[in-house]
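A.B. asks: Below is a structure I'd like to ask you about.
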Amino acid sequence: MKRSAALAALSRDHHHALETALRLRRADAGDLDGAVAHLRAFWHPRGRRHFEIEERLILPALPQADADWREATARVRDEHARIRAAVDALLAPRAEGALDAAHGLGRLLHDHVRFEERHLFGLLEGRLPEVELARLGEAIERAETSPR
């Protein structure tokens with residue numbers, strides 16, 4: 001199914017997140033610094049802001065009375081917290097086990113993006129009326145282009 005234009009900006013961010021996840025998952029001792037630099041370049045201008053937009057605009061878009069949505073948003077909130085913590089740990093001064101941490105973060109980030117694209121966004125597109133989805137897309141666009 002083609003992604004709604006309302007969610008296209010977030011899907012583009014997901015593409016960059018998947019590139020970052022792949023670099024982290026494939027990192028070896030010789031290119032760990034490069035993978036971490038790629039993570040830093042993705043996270044600070046884009047990744048962190050992406051999470052904020054999702055939490056402020058996407059997660060409250062449908063009522064929590066919808067059991068499927070409630071379960072999906074709980075998973076997203078949990079994964080956002082885990083990813084933030086893993087990013088903070090990996091971007092801190094290097095400790096032993098950084099390579100394993102990079103691989104773990106790469107897997108978590110990959111699985112998280114796939115869940116949002118395949119499940120969360122599908123629920124949203126299937127249950128939010130078209131007019132409200134369009135309004136949500138406008139709000140996402142404003143949030144992506146406005147200064148913090």
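A.B. asks: Test residue 148 against the criterion of being open to solvent by 30 Å² or more (accessible area, probe 1.4 Å), over 30 Å from residue 30 (Cβ atoms) and at pLDDT below 95, and give yes or no.
C.D. replies: yes
A.B. asks: Surrounded by 13 or more Cβ atoms within 10 Å (Cβ to Cβ) and touching a residue at least 60 places away in the same chain (Cβ under 8 Å), is that true of residue 91?
C.D. replies: no
A.B. asks: Name the helices (runs of 4 or more DSSP H) wholly within the stretch 79-148 that hold at least 3 residues that are among the aliphatic types (A, V, I, L, M)?
C.D. replies: 98-115, 130-145
A.B. asks: Further question: Search the stretch 33-54 for residues being open to solvent by 50 Å² or more (accessible area, probe 1.4 Å) and under 22 Å from residue 6 (Cα atoms), and hand back the single one that is modelled with the lowest pLDDT.
C.D. replies: 45
A.B. asks: Quick test of your reading of the structure: residue 61 fulfils all but one of (1) surrounded by fewer than 18 Cβ atoms within 10 Å (Cβ to Cβ); (2) in a loop (DSSP other than H, G, I, E, B). Name the failing condition by number.
C.D. replies: (1)
The values are calculated or read from the model by the stated rules, or taken from the named source; none is laboratory data. Since we're looking at a predicted model, the values are computed, not measured. Quick reminder, even Gly has a Cβ in these numbers, built from the backbone with ideal geometry, and neighbours come from all protein chains shown. To get the accessible areas, we keep the full protein, side chains included, count just its heavy atoms, and leave off ligands, DNA and RNA. Shrake-Rupley method; radii C 1.70, N 1.55, O 1.52, S 1.80 Å.
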